[in-house]
Structure formats: C-alpha cells, structure tokens
Amino acid sequence: MNTSLPRDLVPAVIGVLVRRGADFASAEDAVQEALIRALRTWPDDPPRDPKGWLVAAAWHRFLDAARAEASRRGRELAVEAEPAPGPVPARDDTLRLYFLCAHPALPPNQAVALTLRAVGGLTTRQIAAAHLVPEATMAQRISRAKRRIAGLPLDRPGGLATVLRVLYLVFNEGYGGDVDLAAEAIRLARRLAALTGEPEAAGLLALMLLHHARRASRTGPGGRLVPLAEQDRSRWDTALITEGVAVLQGALARDRLGEYQAQAAIAALHADAPSTAATDWVQIVEWYDELLALTASPVVRLNRAVAVGEADGAPAGLAALAEVDPGLPRYAAAAAYLHERAGDRARAAALYAEAARAATSVPERDHLTREAARVRRPPRS
Amino acid sequence: MKYLLLKHYRGGPDPVSAYEPMDRWTPEEVDAHVGYMNDFADRLKETGEYVDSQALAPGGAFVRSDGEGRPPVTDGPFAETKDLIAGWMIIDVDSWDRAVELAGELSAAPGPGGEPIREWLEVRPFLTGSASTTE
C-alpha cells in the first residue's frame with residue numbers, strides 16, 4: 001500500500017498511542033499536532049519510516065502534554081518511558097476508530113468532524129474550510145465530541161449502520177476549501193469495506209462510486225444544475241462505474257441485501273443506460289420496492305413515485321404520489337415533474353415555482369425557477 | 001471598510017420598475033440574471049473587494065423569549081406585507097462612494113427583456129470591531 005500521505009497513517013498511530021496507555025482524546029490531539037508538523041516538514045525532509053516518525057512525534061507530544069497537565073495538578077506522571085514496540089494490530093485499531101468516531105452518542109455534525117480528523121487524518125483547518133466555519137468553531141466541535149465519548153470503551157463498537165450514515169453524510173457534503181469531501185468519503189468507505197467485509201459497507205462504497213462517476217456532468221456553466229435526463233452521458237467516468245458495478249455485484253452475491261446495496265443497484269441501472277428513455281425503469285421501480293420494504297422511508301416513497309411515472313406513465317406516477325406526505329422536501333418538485341409529464345403545464349409551472357421557494361440550495365432554486373419559466377411558455381410546435 | 005449590500009424579497013422604497021416574479025420570465029432571462037450575479041461576484045473577487053455572499057430562503061419566522069421555563073414565541077411565517085430579506089453580499093471597499101457605485105451595478109441585473117430590474121438594495125456600513133488608534 002502506498003502510504004505517502006501522512007494522513008493515511010493517522011488512525012493506526014492513534015491506535016498505537018492508545019495501546020501504550022494514552023486516553024483517546026489526548027492521543028488524538030497529539031497525533032493531530034504531529035500530523036501538522038509532518039505536513040510542514042516531510043515535503044523537504046521525507047522520513048525513511050513515516051509511521052515510526054509519526055508515532056515518535058505524537059508520543060513525545062503526548063508526554064509533553066501529560067507532563068504539563070501533571071505538573072499543573074501537582075501529580076506524578078504515570079506513563080513515562082516509551083514501551084517496547086510490540087506487534088501492531090493496526091487493522092483492528094482503525095476499525096475501532098471508525099465505530100468510536102461515529103458513536104451513536106454523538107450528534108451527526110460532531111461525528112462527521114471527528115471522523116474526518118481521527119479516521120481521515122485531516123487537519124482542523126481543512127475540516128473547518130470544508131464546512132465554511134471558523135477554525136476555532138471546528139476545534140470546539142471536535143473537543144466537545146471527544147468529551148462526549150470520553151469513558152466509552154474503545155472495544156465496544158456501535159452499529160455499522162451509524163458508521164455508514166456518517167460516511168454518507170460526508171460524501172454528500174461535497175466540496176469546500178482545498179478538500180474534496182466526496183473523494184475523502186470514498187477513500188474512507190473503501191477502507192471500511194476492506195476492513196469489515198460487510199456487504200452494506202461495499203454497498204455504500206458502490207453507491208458513492210456510481211454517484212461520483214456522474215459528477216462532472218451534474219453541473220453546467222456557472223454552477224448550473226443539470227438534471228439526470230439532460231446530462232452528457234459521455235462525460236460519465238466509466239472506470240468508476242465499472243468499479244462501482246463490480247463492488248455492488250460482489251456485495252449482492254452475498255445475499256444480505258441492505259438499503260445501500262439497493263440504492264447502489266438503482267444508481268447502477270442509471271449508469272448503465274444510454275439515455276433516460278432507454279433506462280430500465282421497471283427494474284428501478286422493483287428496487288424502490290425493495291428499498292421501501294427495508295426502510296419504509298417517505299423519501300424513498302417519493303422517489304419511487306417519480307420512477308413509477310417513468311415506468312408506467314405519468315398518471316400511474318401521480319397515483320403513487322397520492323400516497324406520499326405532501327410536507328416532504330422536494331414533494332412539490334416531484335409533483336411538478338409528474339404533472340408536466342401528464343400534460344398539465346399550468347399546474348406544473350405553479351408547482352415548480354412553489355418548489356423553488358422551498359429549495360434548500362441556490363443551484364436547486366435557480367434550476368426550479370428555470371423549470372417554472374420553461375413550462376410556462378407554450379410548447380414549441 | 002466593509003459594507004453590506006442587502007437584497008429584499010419585498011419591503012423598502014417603492015420599486016421603480018414593475019416586473020413579474022422570476023418564475024414567469026423565460027429560461028434565458030433567468031440564466032442571464034443568474035449569470036450577471038455570478039459575474040459580478042467574480043469581478044469583485046478579482047479586484048479584491050469581495051468578502052461573502054449568501055442567499056436566504058423565504059421561510060422562517062420571528063422568535064423571542066417568553067420568559068424562563070416557557071417555550072420561545074414565534075411570529076411567522078412572514079405575512080405578505082412584511083419586509084423580507086432575500087440575501088446579501090459583503091464587500092470591502094475604500095469608500096462609501098465605491099460601495100454605492102457597486103450597489104448600483106448590482107441593482108442593474110437584467111430582468112425580463114434584458115432590461116435592468118433596478119431593484120432597491122440597502123447599503124449598510126459595518127461598525128468595526130476595534131477602536132480607532134488615532135484619538
């Protein structure tokens with residue numbers, strides 16, 4: 001494995017410090033400081049043994065901090081000498097960190113921040129820039145997260161589902177600053193899938209790869225949002241699609257279906273189609289049925305209604321929509337689309353305008369406004 | 001000196017040009033308007049005068065405390081008559097005159113038929129965080 005990036009080593013180095021007797025919060029702080037030094041000095045002076053360098057630097061940081069703390073409290077320092085290095089079960093350490101950082105006791109934004117720092121090896125500054133918040137705010141968020149999980153045993157993992165949800169959140173946060181969070185989420189999911197061998201971890205990885213493959217085609221000039229039907233499919237990344245499909249097939253073969261595998265299956269059917277018209281919508285609806293059985297999620301019900309509209313015609317889609325809660329985000333957008341397909345352009349225009357007012361992002365709002373404007377005009381004959 | 005250029009969904013002085021809401025424009029007019037806004041921000045980034053810009057959704061409410069142990073009181077969603085902020089741009093420029101000049105340009109974003117919409121923008125100077133060193 002090429003570990004030229006110091007951040008790849010971060011979870012393993014935290015693990016070493018914890019096994020030497022450091023508590024997680026202090027170990028994580030010490031490794032962060034060593035990492036920042038590594039980022040500054042390695043480009044000019046690369047170490048022969050990067051991991052050894054990081055362990056040594058972090059351990060010294062930890063001892064310094066512990067000594068300062070001990071003298072402040074007037075107590076003796078218990079851990080002093082550097083223990084002899086033993087066999088390093090880095091694999092288990094890393095996996096434990098995934099579970100700890102995504103612990104159910106943490107609110108999502110804290111779990112995301114802590115995961116990015118302790119598992120992803122990003123600096124506080126990078127995480128702050130990616131979330132468009134001041135660095136001091138992000139540092140506090142991470143400290144609070146660590147306080148909250150202090151005392152929780154490192155060896156009692158939470159559920160895999162929580163870890164997957166945190167990684168999916170990271171993936172959906174996209175860009176900010178100099179860090180590509182989507183790519184970072186893929187890197188972490190790839191490692192998690194390898195560490196656990198769980199079909200759902202593979203399913204999430206496949207889902208991310210298949211979505212990421214379409215990224216270049218999803219925005220047009222000026223950040224304008226391009227919907228799936230209008231995307232230039234020649235710009236989709238076929239290497240990522242091939243990998244995503246292979247990962248998904250491997251997961252499905254294990255015959256333990258879960259929501260991420262089902263979502264990835266839908267993404268794979270889109271990725272496989274030469275156009276919206278040539279998409280296998282019937283199979284997509286079947287996957288939505290599976291997904292609904294797994295999650296009973298109202299959002300899935302909404303997306304399913306749109307897929308039904310494509311598979312069986314707009315009236316069938318509208319009938320499916322009638323069973324969906326109108327209070328859902330994007331309900332108006334889905335309703336607008338189905339009414340337009342059913343030929344009711346006036347109603348579609350009003351719904352698109354309503355959807356634009358309810359939009360949660362500027363590109364989405366502008367897109368929906370443009371859709372309202374488009375359907376208001378008489379269709380060209 | 002930093003200035004806030006405040007855009008309102010409604011409120012402020014009477015509009016000088018009556019134009020329809022954006023969802024009634026043509027898609028090309030919408031594109032031209034959005035493009036103008038983006039270009040304006042890009043230009044200020046190049047001149048070193050851009051700080052930040054954000055858009056606000058029309059939803060939300062006024063909120064106030066109702067005393068200890070009681071849930072906060074909300075007033076909203078906003079009635080049609082209320083002044084409603086749509087978003088802002090923060091600029092860092094040398095003078096009030098420059099702030100006014102830029103607000104004038106931003107207000108001239110194209111609307112239906114490519115005509116400048118000439119909407120009112122509120123321009124407000126920031127109070128600085130530190131006291132002046134000359135006394």
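When all alpha-carbon pairs of chain A are counted, what percent fall beyond 33 Å? Walk me through the numbers before you get to the answer.
Values: 29042 of 72390 pairs.
Of the Cα pairs, 40 percent sit more than 33 Å apart.
Would you mind ranking B:GLU115, A:GLU310, A:GLU184 by Cβ crowding within 10 Å, fewest neighbours first?
B:GLU115, A:GLU310, A:GLU184
Please compute P(r) over all alpha-carbon pairs of chain B, binned at 5 Å starting from zero, and give each bin as a whole-number percent.
Here the calculated profile for chain B is 2, 9, 15, 18, 17, 14, 10, 7, 5, 3, 1, 0.
Which of A:GLY258, A:GLY120, A:GLY151 moves most in a GNM of chain A, Cα contacts under 10 Å?
The residue that fluctuates most here is A:GLY151.
Starting from the alpha-carbon convex hull of the range A:294-381, give the projected area averaged over all orientations, in nm². Show your work: numbers first, answer last.
Details: hull surface 24.5 nm².
Computed as one quarter of the Cα hull surface, the answer is 6.1 nm².
Using a Gaussian network for chain A with springs between C-alpha atoms less than 10 Å apart, which of these wobbles most: A:VAL18, A:VAL133, A:VAL247?
A:VAL133
For the range B:108-116, take each phi angle, set θ = phi - 60°, evaluate the Karplus expression 6.51 cos²θ - 1.76 cosθ + 1.60, and give the result in whole Hz per residue in order, putting x for glycine and proline.
8, 4, x, x, x, x, x, 6, x
Taking 10 °C and 1.306 mPa s as the conditions, I'd like the Stokes-Einstein D for the range A:6-85 in µm²/s, using the Kirkwood hydrodynamic radius from alpha carbon pairs.
Translational diffusion coefficient: 123 µm²/s.
If the viscosity is 0.692 mPa s and the temperature 37 °C, what translational diffusion coefficient in µm²/s does Stokes-Einstein give for the range B:60-101 when Rh comes from Kirkwood over Cα pairs?
Stokes-Einstein gives a translational diffusion coefficient of 236 µm²/s.
Taken together, the values in this text are just the output of simple stated rules run on the coordinates, not laboratory data. Computed from a prediction, not measured in an experiment: that's the story for all the values here. Methodologically, a virtual Cβ is constructed for each residue, glycine included, from the backbone with ideal geometry; neighbour enumeration extends over all protein chains shown.
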